[in-house]
Amino acid sequence: MPTNPAGRAVPADPTALHPMPGQSRVVLLKPLVTSPLIDVGEFTYYDDPDDPTAFETRNVLYHYGPERLVIGKYCALGEGVRFLMNGANHRMDGPSTFPFPIMGGSWSDHFDLISGLPGRGDTVVGNDVWFGYRAMVMPGVRIGHGAIIASGAVVVDDVPDYGIVGGNPAKLLRRRFADADVARLLALAWWDWPAEHITGHIRTIMSGSIEELEAAAPDRA
């Protein structure tokens, strides 16, 4: 754990683009993202051996607005995780789904046929969510706090808090905790604790019991 010269434990730096020394494949997304339509919380990271700094263009696709992508704090995004936004939508109520107006020429006179297509709104990811290798999230999905998205999963429906989903289309495999314990964890919302307080309770957050986490909460510690 990093310490200052006086030996006091200090939090990690949420503004460091590459938080792991010598590992350029890992980036924190909050200091990287520039789009006003993407909001990422502190310490959420993306891991990619090719070019993790291209996250906005390679991993957030068809983002023509106005829908937003919101990702909480302390999320882990594995290589190739992709978010498809509503700009990928095509008309399905006529004989053809082909988007003729985007091809130019006089076809563009019919742009009203593809503007304002119905969508599911913003894509919202909670805090402390783990995305496995090449998981894909479809437009307008909401993923709860503490969820786990299995490698290769295609998430088409909302994911409950602390749910584990996998497959194509992704299905709920199980909940990480019983409903009563999920309620306790949500009430604690450790991700909103001050970073200095989290620093002193890393081991409890990572490997402790819910009872120990409750005892470590800022209003009880």
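Taking strands (runs of 3 or more DSSP E) as the structural unit, those lying wholly within the range 120-190 and holding at least 2 residues that are surrounded by fewer than 19 Cβ atoms within 10 Å (Cβ to Cβ) and not polar (S, T, N, Q) correspond to 171-175.
Just so you know, in the range 64-85 the residues that are open to solvent by 40 Å² or more (accessible area, probe 1.4 Å) and modelled with pLDDT of 95 or more include one that is farthest from Gly144 (Cα to Cα), and it is Glu79. Looking across Ala54, Ala88, one residue alone is within 24 Å of Arg134 (Cβ to Cβ), open to solvent by less than 40 Å² (accessible area, probe 1.4 Å) and modelled with pLDDT under 95. It is Ala88.
In the range 31-70, of all residues being among the hydroxyl-bearing types (Ser, Thr, Tyr) and part of a loop (DSSP other than H, G, I, E, B), the one that is nearest to the chain's Cα centre (by Cα) corresponds to Thr44. Kindly evaluate Phe111 against the criterion of being crowded, with 21+ Cβ neighbours inside 10 Å, of a type in the set (Phe, Trp, Tyr) and either within 12 Å of the chain's Cα centre (by Cα) or not in a strand (DSSP E or B) (or both). No, not satisfied.
For (1) small (Gly, Ala, Ser); (2) touching a helix residue (DSSP H, G or I) at 6+ places or on another chain (Cβ under 6 Å), each residue gets a yes or a no:
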{"site": "Met136", "(1), (2)": "no, no"}
{"site": "Gly146", "(1), (2)": "yes, no"}
{"site": "Gly166", "(1), (2)": "yes, no"}
{"site": "Arg174", "(1), (2)": "no, no"}
{"site": "Asp181", "(1), (2)": "no, yes"}
{"site": "Trp190", "(1), (2)": "no, yes"}
{"site": "Glu212", "(1), (2)": "no, yes"}
{"site": "Ala216", "(1), (2)": "yes, yes"}
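Pairing residues of the range 76-92 that are in contact (Cβ under 8 Å) with a residue 24 or more places away in the chain and in a strand (DSSP E or B) with residues that are open to solvent by 50 Å² or more (accessible area, probe 1.4 Å) and aromatic (Phe, Trp, Tyr), at Cβ distances under 7 Å and at least 6 apart in sequence or on separate chains, gives Ala76/Tyr45; Ala76/Trp130; Leu77/Tyr45; Leu84/Tyr62.
The values are calculated or read from the model by the stated rules, or taken from the named source; none is laboratory data. As the structure is a prediction and not an experimental result, all values here were calculated from the model. Here Cβ is always computed from backbone atoms with ideal geometry, including for glycine, and neighbour counts include all displayed protein chains. Protein only, heavy atoms only, side chains kept; ligands, DNA and RNA dropped before computing areas. Shrake-Rupley method; radii C 1.70, N 1.55, O 1.52, S 1.80 Å.
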